[in-house]
Amino acid sequence: MKALVYLGPNSLTYRDEPDPTPGNDEAVVKVEAVGICGSDMHAYHGLDSRRPAPLILGHEAAGTVVTGPRTGERVTINPLVVDPLCPYAVRGLSHLSPTRQILSMPPRPGAFAGYVSVPERNMLSISKDLPIFEAALAEPVAVSWHAVRVGAEKLSRPIATARVAVLGGGAIGLAAALVARLFAAAEVHVGETNAGRRETLQAIGGLTVYDPSGGEGPEPDSIDLVIDAVGAGATRAAASRMVRPGGVIVHIGLLPGMDGLDIRKVTLQEVTFTGSYCYTPQDFADTVHALEHRRFGPIGWIEQRNLAEGAQAFRDIDSGSVSAAKIVLRV
């Protein structure tokens with residue numbers, strides 16, 4: 001099969017790789033669409049020791065089962081592979097399990113390839129009406145679904161009465177804004193410094209989009225729920241500034257560093273600060289259901305390219321020349 005292989009910092013090649021062989025309780029999926037994640041970019045820059053070269057990256061995938069009893073079934077893939085008997089998994093918290101593996105980290109090759117092997121329990125059937133490139137969005141949107149749900153559950157008021165701000169307009173931030181809108185938040189503000197991405201966000205509707213680099217944004221102490229989808233010092237500082245007393249900050253970005261968070265304000269104003277990582281199986285299933293029923297509105301914020309063009313797609317994302325919130329590679 002053909003695959004896009006990470007060779008080392010800033011180096012990818014499109015080449016032949018062996019077809020995967022399914023293990024026990026696994027099946028092979030013919031990959032038809034796979035998204036480029038921020039974590040793929042992190043690995044591409046050589047900054048993720050969990051993803052050593054050479055390695056097939058990619059974990060946001062959908063396609064058709066080609067082995068086993070579910071052959072011919074259209075599926076989207078939950079890339080978090082967990083021992084189903086783990087106590088965390090039994091409690092529905094498999095994303096926190098110490099047994100957790102993920103496609104694109106050894107020992108599991110990723111989905112920037114013609115085929116990928118995954119446990120059958122990690123394949124969710126999708127309707128024939130859901131375009132395959134939208135089905136590949138299930139994983140990143142589930143990350144956002146989980147973050148907004150966690151934040152909404154920690155609010156002291158219904159989210160329908162809450163002002164929400166999302167910091168970052170990439171795929172995770174945009175999806176978080178769409179989830180907050182779906183959850184009927186009273187207001188949804190999105191801060192994004194990239195002009196092209198702001199245009200993409202403004203075309204969606206129902207969102208207040210602003211440029212934080214230009215001094216725009218919500219007033220201090222005015223936001224009930226802040227979703228930090230960047231996780232940098234500047235966004236932590238912005239979140240601390242805009243959150244109101246008794247409000248909630250959900251930190252979902254994974255950039256390194258701890259600066260920016262105003263611990264004094266968190267203490268004096270009883271601000272809830274919480275992390276959010278991945279999603280539960282129920283979050284993933286709920287996201288797939290919402291995608292199938294078009295509850296996020298038109299998906300016009302992605303760009304499709306061929307897997308053979310993947311190396312150039314990485315370079316274009318790096319240069320900041322991509323206006324779309326997500327590039328999905330067609331295989």
Condition met for residue 147 (in contact with a Phe, Trp or Tyr (Cβ under 8 Å, 6 or more places away or on another chain), in the same structural domain as residue 224 (by TED's automatic domain parsing) and touching a residue at least 60 places away in the same chain (Cβ under 8 Å)): no
Give just the number: which of (1) part of a loop (DSSP other than H, G, I, E, B); (2) closer than 22 Å to residue 58 by Cβ does residue 92 not satisfy? (2)
Could you look through the range 269-298, keep only residues that are among the hydroxyl-bearing types (Ser, Thr, Tyr) and part of a loop (DSSP other than H, G, I, E, B), and pick out the one that is farthest from residue 45 (Cα to Cα)? 280
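Would you check which residues across the range 230-245 are in a helix (DSSP H, G or I), surrounded by fewer than 20 Cβ atoms within 10 Å (Cβ to Cβ) and among the charged types (D, E, K, R) and list them? Working first, answer last.
Narrowing the range 230-245 to residues in a helix (DSSP H, G or I): 233-242.
Next cut, surrounded by fewer than 20 Cβ atoms within 10 Å (Cβ to Cβ) only: 233-234, 237, 241.
If the condition is that a residue be in a helix (DSSP H, G or I), surrounded by fewer than 20 Cβ atoms within 10 Å (Cβ to Cβ) and among the charged types (D, E, K, R), then 241 is the only one that fits.
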Residue ID - farthest from the chain's Cα centre (by Cα), chosen from residues in the range 109-123 that are crowded, with 20+ Cβ neighbours inside 10 Å and part of a strand (DSSP E or B): 115
Would you call residue 182 closer than 26 Å to residue 36 by Cβ, surrounded by fewer than 24 Cβ atoms within 10 Å (Cβ to Cβ) and modelled with pLDDT of 95 or more? yes
Residue identified as free of Cβ contacts under 8 Å to residues at least 24 places away in the same chain, hydroxyl-bearing (Ser, Thr, Tyr) and not assigned by TED's automatic domain parsing to the domain that holds residue 100 among 213, 222: 213
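Which one is surrounded by the fewest Cβ atoms within 10 Å (Cβ to Cβ) among residues in the range 246-268 that are part of a strand (DSSP E or B) and in contact with a strand residue (DSSP E or B) (Cβ under 6 Å, 6 or more places away or on another chain)?
251
Just to confirm my filter: which helices (runs of 4 or more DSSP H) fall fully inside the range 126-214 and include at least 2 residues that are touching a His at 6+ places or on another chain (Cβ under 9 Å) and over 20 Å from residue 242 (Cβ atoms)?
Per the criteria, 138-154.
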Given the conditions (1) surrounded by fewer than 20 Cβ atoms within 10 Å (Cβ to Cβ); (2) outside the structural domain of residue 68 (by TED's automatic domain parsing); (3) at pLDDT below 95, report the number of the one that residue 128 does not fulfil. (2)
Checking the conditions here, which among 66, 82, 90 is without any contact (Cβ under 8 Å) to a residue 60 or more places away in the chain and either within 17 Å of residue 114 (Cα to Cα) or within 17 Å of the chain's Cα centre (by Cα) (or both)? 66
If you check 237, 232, 290, which single one turns out to be within 22 Å of residue 37 (Cα to Cα) and free of Cβ contacts under 8 Å to residues at least 60 places away in the same chain? 232
So is residue 181 touching a Gly at 6+ places or on another chain (Cβ under 6 Å) and basic (Lys, Arg) or not? yes
Within the range 87-96, can one find any residue that is out of contact with any Asp or Glu (no Cβ under 9 Å at 6 or more places or on another chain), assigned by TED's automatic domain parsing to the domain that holds residue 27 and charged (D, E, K, R)? yes
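The values are calculated or read from the model by the stated rules, or taken from the named source; none is laboratory data. Just so you know, these numbers come straight off a predicted model, no measurement behind them. Here the Cβ is made from the backbone with ideal geometry for all residues, glycine too, and neighbour counts use every protein chain on show.
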